[in-house]
Every structure is written in structure tokens, then in C-alpha cells.
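Trainee: Let me give you the structure first, and then I'll get to my questions.
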Amino acid sequence: MIPRRARRGFLDGSAVLTCSFWIITTCVVIAVASAVLAIWQFTGTDALWRTVATCAVIAAGTGVFAWVNVLFGEWRQ
């Protein structure tokens with residue numbers, strides 16, 4: 001009989017962490033690019049803060065999803 005390995009997350013933990021990493025990294029790159037454009041006055045400060053706030057919400061939501069995935073996997077083995 002093959003022993004079951006312990007699950008680490010409701011969904012596949014490595015896939016969730018990989019996806020979360022790339023989403024958060026993309027949000028950081030977009031926010032930095034938007035800030036640089038605002039500094040050089042290619043965009044207005046209103047667009048800057050909307051972009052940064054949107055990226056922060058998406059990144060936070062992704063991070064929370066990855067955290068909750070690990071929590072729900074603890075009891076389900």
C-alpha cells in the first residue's frame with residue numbers, strides 16, 4: 001500500500017504559491033512603472049494612486065488566498 005503524503009493546502013500548494021508570486025510581482029512592476037511615469041509627468045497623480053491602490057488590493061487578495069489555501073489544507077489530510 002502506498003502511503004499518502006500530507007497535503008499542504010486545499011489546492012496544490014506549489015501551484016498556488018507560483019501563481020501568487022507572479023501576480024504579486026506583476027502588481028509591483030505595474031505600480032513602480034506607474035510611479036515612474038507620474039514622476040516624469042507622463043501621467044497624472046490621480047492615475048498613479050488609482051493604479052497603486054488597484055495593484056495593492058489585487059496583491060493583498062492574492063496573498064490572503066494563498067494563506068487561506070494553506071490553512072484549509074491543514075485539517076484536510
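Trainee: Can you tell me which condition residue 43 does not meet? The list is (1) polar (S, T, N, Q); (2) touching a Leu at 6+ places or on another chain (Cβ under 8 Å); (3) in a helix (DSSP H, G or I), and all the others hold.
Mentor: Unmet for residue 43, out of (1) polar (S, T, N, Q); (2) touching a Leu at 6+ places or on another chain (Cβ under 8 Å); (3) in a helix (DSSP H, G or I): (3).
Trainee: Please determine, by comparing only the residues of the range 13-33 that are more than 10 Å from the chain's Cα centre (by Cα) and either of a type outside the set (S, T, N, Q) or not in a helix (DSSP H, G or I) (or both), which one is farthest from residue 45 (Cα to Cα). Walk me through it before giving the result.
Mentor: Residues of the range 13-33 that are more than 10 Å from the chain's Cα centre (by Cα), as a first pass: 13-15, 29-33.
Subsequent filtering for residues that are either of a type outside the set (S, T, N, Q) or not in a helix (DSSP H, G or I) (or both) retains 13, 15, 29-33.
Working: 13: 38, 15: 36, 29: 17, 30: 15, 31: 12, 32: 13, 33: 13 Å.
Within the range 13-33, the match that is farthest from residue 45 (Cα to Cα) is 13.
Trainee: Related question: Tell me which of these residue 50 doesn't satisfy, since it passes every other one: (1) modelled with pLDDT of 85 or more; (2) touching a Lys or Arg at 6+ places or on another chain (Cβ under 8 Å); (3) of a type in the set (Lys, Arg).
Mentor: (2)
Trainee: Does residue 9 satisfy being at pLDDT below 85 and on the phi > 0 side of the Ramachandran plot?
Mentor: yes
Trainee: List the residue pairs whose Cβ atoms are under 8 Å apart, where the first residue sits in the range 1-26 and is among the aromatic types (Phe, Trp, Tyr), the second is in a helix (DSSP H, G or I) and at pLDDT 65 or above, and the two are 6 or more positions apart or on different chains.
Mentor: As it stands, the answer is 10/69; 10/72; 10/73, since those pairs meet every condition given.
Trainee: Scan the range 37-77 residue by residue and report those that are loosely packed, with under 12 Cβ neighbours inside 10 Å and of a type in the set (A, V, I, L, M).
Mentor: Matches in the range 37-77: 39, 53, 57, 64, 71.
The values are calculated or read from the model by the stated rules, or taken from the named source; none is laboratory data. All of these numbers come straight from a predicted model, not from anything done at the bench. Note that each Cβ is placed from the backbone with ideal geometry, even for glycine, and that neighbours are counted across all protein chains shown.
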